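*Asks:* Sharing a structure, written as structure tokens. Questions coming.
The values are calculated or read from the model by the stated rules, or taken from the named source; none is laboratory data. Quick caveat, the model's predicted, so the values are computed rather than measured. Please note: Cβ atoms are built from the backbone with ideal geometry, for glycine as well, and neighbour counts cover all protein chains shown.
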Amino acid sequence: TPIIEVRNLVKRFRRESGAVVHAIDDVSFTVGTGDFVVLLGPSGCGKTTLLRAIAGLETPDQGTIRIGGRTQYSSAERIAVPPERRNISMVFQSYALWPHMTAFDNVAYPLRSRRGRPGKREIAERVRAALELVGVGELERQYPGQLSGGQQQRIALARALVSNDELVLFDEPLSNVDAKVREQLRFELLSMQRKLGFSALFVTHDQTEAMELAHRIAVLDSGRIVQFGTPQEIYARPATRYVAKFIGAINESLGTVAVIEGNVATVDTDLGRVVGRTHGRTATVGERVAVMWRPERAVLTRDEPSTVNRWPGSVTASLFVGSHTEYVVTLADGDARLWSPRSDVVAPGSSAWVSVTEEDVLVLPVD
Ligand code: ADP
Ligand code: MG
């Protein structure tokens, strides 16, 4: 059985102005046992509300939530299991540690407050093991106010892991720690997950973080899941223009479909005719679409290439960033970005050609 099954979940809020917000708008998805799933979307798209509904901290209006095959919430069956009986751990953005308790007591808290509370010695062993696991064994006697943000978040992590729950929910836990610590904690979190075997649902607005952590990503837009897939699928085959732009850098030109042959669309744009792929999505002649391509899939040359999609332009900037060079090329309809492993292709100020194979051009509807 999957660890999480959410079906047709709806949660509305009424603002003080009287306006109704569809924070969760008919969401359905499944998280497999042992999976690491990331909910990704901009601020205000409903991530926290969805996580809180799963934890039982927010009561939905409609739908069902099952954890490990057991119904935790069902509007039809009038079931709403209280949060403390769902056996789920949660890590918040604002560490949420008790300021008057030591690190040890903070981590011991969930063990002491649940039913079937273990004995004193077992509590001490488990708390120390959890603190060791997150690399702060030496801080057990410190109070949160004496610790850095990164250390506090490690203690919050230890507190979430100490109960050995099968499911751990994370609400942007790394966004308050500085960049270096954040990257390190991402790696550590993945190895802890492999070691302990818990299933994770992790919320973030940071697409890089989502790509690094996730087995699968659910992209949220205004309370709806617009795509659910592996990071590779979402990057290479974004389902919508919104997803394409939200994840990774991408160039686009707007145009109208002129010819459709199976998965191949020919589009009239200000760059001329561009040939790309619809990837199974139905497109119709005359439809307004965007043709999009990733900066690292484009090729920059001094001489005119023979590729079908080739556009003349002039190089306005070249930025050497070590691993590659980022070029800005002004084309007939505006600036395009492209990344090349070489830094010496064309000097800024010169004219050049940009080419992209049809396999690397995505054709997506403009809504
Ligand atoms: P995210 O975590 O993705 O930033 P939230 O789940 O916090 O998004 O919020 C989703 C939407 O629901 C937002 O428009 C937010 O203003 C609204 N919202 C969240 N909680 C409440 C509340 N308690 N009362 C009214 N509106 C709320
Ligand atoms: Mg939030």
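*Asks:* List every residue pair whose Cβ atoms sit under 7 Å apart, with the two residues 6 or more apart in sequence or on different chains, where the first one lies in region 46-68 and is more than 11 Å from ligand 1 (Cβ to nearest atom) and the second, anywhere, is among the acidic types (Asp, Glu).
*Replies:* Arg66/Glu5; Gly68/Glu166
*Asks:* Could you say whether any residue in region 271-284 is in a strand (DSSP E or B), out of contact with any His (no Cβ under 6 Å at 6 or more places or on another chain) and without any contact (Cβ under 8 Å) to a residue 60 or more places away in the chain?
*Replies:* Looking for residues that are in a strand (DSSP E or B), out of contact with any His (no Cβ under 6 Å at 6 or more places or on another chain) and without any contact (Cβ under 8 Å) to a residue 60 or more places away in the chain, one finds at least one in region 271-284, hence yes.
*Asks:* Would you call Val91 hydrophobic (A, V, I, L, M, F, W, C) and crowded, with 17+ Cβ neighbours inside 10 Å?
*Replies:* Yes: the conditions hold for Val91.
*Asks:* Just for region 35-55: of the residues that are part of a loop (DSSP other than H, G, I, E, B) and surrounded by fewer than 20 Cβ atoms within 10 Å (Cβ to Cβ), which one is farthest from ligand 2 (Cβ to nearest atom)?
*Replies:* Out of the qualifying residues, it is Asp35.
*Asks:* Somewhere in region 84-95, is a residue in the same structural domain as Ala158 (by TED's automatic domain parsing) and over 23 Å from Glu172 (Cα atoms)?
*Replies:* Scanning region 84-95 turns up at least one residue that is in the same structural domain as Ala158 (by TED's automatic domain parsing) and over 23 Å from Glu172 (Cα atoms).
*Asks:* Quick one: which of Pro2, Pro99, Pro60 is out of contact with any Leu (no Cβ under 9 Å at 6 or more places or on another chain), farther than 30 Å from Ser148 by Cβ and in a loop (DSSP other than H, G, I, E, B)?
*Replies:* Going through Pro2, Pro99, Pro60 in turn, just one is out of contact with any Leu (no Cβ under 9 Å at 6 or more places or on another chain), farther than 30 Å from Ser148 by Cβ and in a loop (DSSP other than H, G, I, E, B): Pro2.
*Asks:* Within region 99-108, is there a residue that is aromatic (Phe, Trp, Tyr) and surrounded by fewer than 16 Cβ atoms within 10 Å (Cβ to Cβ)?
*Replies:* no
*Asks:* Conditions first: (1) in a helix (DSSP H, G or I); (2) over 30 Å from Val6 (Cα atoms); (3) in contact (Cβ under 8 Å) with a residue 12 or more places away in the chain. Glu212 passes all but one, so which condition is the exception?
*Replies:* Among (1) in a helix (DSSP H, G or I); (2) over 30 Å from Val6 (Cα atoms); (3) in contact (Cβ under 8 Å) with a residue 12 or more places away in the chain, the lone unmet condition for Glu212 is (2).
*Asks:* So if I check each of Asp268, Asp178, which one is modelled with pLDDT under 95 and surrounded by fewer than 21 Cβ atoms within 10 Å (Cβ to Cβ)?
*Replies:* Asp178
*Asks:* Confirm whether Ser89 is small (Gly, Ala, Ser), touching a residue at least 24 places away in the same chain (Cβ under 8 Å), under 19 Å from Thr204 (Cα atoms) and within 16 Å of ligand 2 (Cβ to nearest atom).
*Replies:* Taking the combined requirement at face value, the residue does not satisfy it.
*Asks:* Does Gln152 count as assigned to a helix (DSSP H, G or I), under 22 Å from Phe228 (Cα atoms), in contact (Cβ under 8 Å) with a residue 40 or more places away in the chain and away from ligand 2 (no atom under 16 Å from the Cβ)?
*Replies:* The answer is no for Gln152.
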